[in-house]
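Let me begin by presenting the structure, written as structure tokens, before commenting on it.
The values are calculated or read from the model by the stated rules, or taken from the named source; none is laboratory data. Keep in mind that this is a model prediction, so the values were computed, not measured. As a convention, Cβ positions derive from the backbone with ideal geometry for all residues, glycine included, and neighbour counts pool all protein chains shown.
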Amino acid sequence: EDKVVQSPLSLVVHEGDTVTLNCSYEVTNFRSLLWYKQEKKAPTFLFMLTSSGIEKKSGRLSSILDKKELFSILNITATQTGDSAVYLCAGGDDKIIFGKGTRLHILP
Amino acid sequence: DGGITQSPKYLFRKEGQNVTLSCEQNLNHDAMYWYRQDPGQGLRLIYYSQIVNDFQKGDIAEGYSVSREKKESFPLTVTSAQKNPTAFYLCASSIAQMGGYTFGSGTRLTVV
């Protein structure tokens, strides 16, 4: 059965801390791994990863994929209260499976 | 501006009634998807469609039906057979096989 597992499920840190969110996947037809940020309603796109070992960066956020270990991480440095959200990881090809998400709360 | 429009944002339904959720996109995307989100469950795939007049069941298709008569539209019907329909429903689209979904703003369905 295809699955995407995220950890931790919940995380509370102080503003300025660095966090690492984990995503492991077992997906039959894998083409890409996706990260999303969901604050209130619809998730917003962060990264799409298709190749191992190539880090993608956007401001304080970065992500990398390890296709051998079937794993991805999302790093957020110098966290801010606006980073508080649920972060979703998803993997697959035509059919994409989502993890349950990591709920991140940044304390001021 | 291109995007996905879901309507209505909030919907109340009596038990035993069918209800249809609308999803329209003007992104010229080939693929469209319906997800259901429950607290602590993440997103679960209900149905998806890669091309017009074709769709496949996702992981939790029982009690739901869809149609894809036009590229722009992918309506979801929640039937009375769905035992626990109260949830947040998200529609998404993508250029087929490219990932990078675009999501609608969602419909919150409550059965009363």
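The table below gives the values:
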read-out: Search result, residues across segment B:79-112 that are buried (at least 18 other Cβ atoms within 10 Å of the Cβ), within 13 Å of another protein chain (Cβ to nearest Cβ) and not aliphatic (A, V, I, L, M); value: B:Tyr89, B:Cys91, B:Ser93, B:Ser94, B:Gly99, B:Tyr101, B:Thr102, B:Phe103, B:Gly104, B:Gly106, B:Thr107
read-out: Filter result for the condition that a residue is more than 14 Å from chain B (Cβ to nearest Cβ) and either of a type in the set (Phe, Trp, Tyr) or out of contact with any strand residue (DSSP E or B) (no Cβ under 7 Å at 6 or more places or on another chain) (or both), over A:Lys67, A:Lys41; value: A:Lys67
read-out: Any hit, segment A:16-23, residues being of a type in the set (A, V, I, L, M, F, W, C), within 14 Å of chain B (Cβ to nearest Cβ) and exposed (fewer than 15 other Cβ atoms within 10 Å of the Cβ); value: no
read-out: Extreme residue, surrounded by the most Cβ atoms within 10 Å (Cβ to Cβ), among residues of segment B:58-78 that are farther than 17 Å from B:Ile4 by Cβ and within 10 Å of the chain's Cα centre (by Cα); value: B:Val78
read-out: Unmet criterion (only one of (1) touching a Gly at 6+ places or on another chain (Cβ under 9 Å); (2) within 11 Å of A:Cys23 (Cβ to Cβ)) for A:Ala78; value: (2)
read-out: Segment B:21-33, subset out of contact with any Asp or Glu (no Cβ under 7 Å at 6 or more places or on another chain) and at pLDDT 95 or above, residue surrounded by the most Cβ atoms within 10 Å (Cβ to Cβ); value: B:Cys23
read-out: Residue in segment B:43-54 that is aromatic (Phe, Trp, Tyr), within 13 Å of chain A (Cβ to nearest Cβ), touching a Phe, Trp or Tyr at 6+ places or on another chain (Cβ under 9 Å) and within 25 Å of A:Tyr36 (Cα to Cα) present; value: yes
read-out: For B:Ser7: the one exception among (1) more than 10 Å from chain A (Cβ to nearest Cβ); (2) under 22 Å from B:Lys83 (Cβ atoms); (3) of a type outside the set (Lys, Arg); value: (2)
read-out: Residue match in segment A:26-37 (condition: assigned to a loop (DSSP other than H, G, I, E, B) and among the β-branched types (Val, Ile, Thr)); value: yes
read-out: Residues of segment A:5-15 satisfying the condition of being out of contact with any His (no Cβ under 9 Å at 6 or more places or on another chain), in a strand (DSSP E or B) and within 13 Å of chain B (Cβ to nearest Cβ); value: A:Val5, A:Gln6, A:Ser7
read-out: Conditions (1) free of Cβ contacts under 8 Å to residues at least 24 places away in the same chain; (2) surrounded by fewer than 17 Cβ atoms within 10 Å (Cβ to Cβ); number of the one not met by B:Phe55; value: (2)
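Residues checked against (1) over 25 Å from B:Leu90 (Cα atoms); (2) of a type in the set (Ser, Thr, Tyr); (3) not in a loop (DSSP other than H, G, I, E, B):
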| site | (1), (2), (3) |
| --- | --- |
| A:Met48 | no, no, yes |
| A:Ile54 | yes, no, no |
| A:Leu65 | yes, no, yes |
| A:Ser72 | no, yes, yes |
| A:Tyr87 | no, yes, yes |
| A:Ala90 | no, no, yes |
| A:Lys100 | no, no, no |
| A:Arg103 | no, no, yes |
